[in-house]
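Okay, structure first, notes after.
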Amino acid sequence: MPAQPSQNGRHPGRWAAATADAPCPVCGSAGGCRMAADAVACRARGGPLAEERVAADDGLEYHLHPRDPATGAAYDPVPVEVGQFIGTVFDPADVVLVRPIETWAEDGRKRSRVVYPAVACPTAGGLATDFRRWAGLQRVAAAERANLFFSVCPRFGPDDYDLSWLALTVRWLRTNQDACNIPEHTIIAILIHCH
């Protein structure tokens, strides 16, 4: 969104009033709300990420929503199911590998492509709560027609630790023992040795 002139016309202003041509992205109103590149001050509607505020100039209450500068929409929170999944598999301080991968079938064969520039290693606690990061991952996944794959073993650190042998902790392991010739006690011993 281009900078709006201030009332004195000399300095660019941060906020622009909602209009019929550019309504509030939260409530759809053409008046009363104000918008900036990274926030929306909505007079009509709150939300899970909104902060209640009082305007200094007129004393009216409004809801300050964080806004995605890339899309112009107010951010949505990280889905509850994502937080539940991440909280089940990881400790909050664990580093999680998130890898966007496009998959498709071609000539009867499965194909895939990793979107390497978008591979990320946030902490589990951050991934479950950081709505800005989640929106960015969703945007990449949509643009690249990719799914988001999460590692199930925490990584050693956030940078350049995308090798399987750098997963030093195994929280759980699933095996199909019906088709496995390894005795059950050996599998348990392997799990103990890995952790």
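Enumerate the amide H contacts of residue 32 below 5 Å, restricted to partners 5 or more residues apart or on another chain; note that Pro and chain-start residues carry no placed amide H.
18
Could you run the Karplus curve 6.51 cos²θ - 1.76 cosθ + 1.60 with θ = phi - 60° over the stretch 64-70 and give me ³J(HN,Hα) per residue in whole Hz, x for Gly and Pro?
Residue by residue, the stretch 64-70 yields 8, 9, x, 10, 7, x, 6 Hz.
Say R0 is 25 Å: what FRET efficiency, to the nearest 0.05, do residue 145 and residue 19 get from their beta-carbon distance? Each step should come with its number before you reach the end.
Values: r = 35 Å, r/R0 = 1.41.
That gives a FRET efficiency of 0.10.
For labels at residue 105 and residue 132 in the simple 7 Å Cα→Cβ model, what's the distance in nm?
In this crude label model, residue 105 to residue 132 measures out at 4.2 nm.
Using DSSP to call loops (not H, G, I, E or B), can you name the chymotrypsin sites (Phe, Trp or Tyr not before Pro) in the stretch 93-158 whose Cβ has at most 12 other Cβ atoms within 10 angstrom?
none
The numbers here are math on the coordinates, done by the rules we state, and not lab data. Remember, it's a predicted structure, so these values are computed and weren't measured experimentally. FYI the Cβ positions are ideal-geometry reconstructions off the backbone, even for glycines, and counts take in every protein chain you see.
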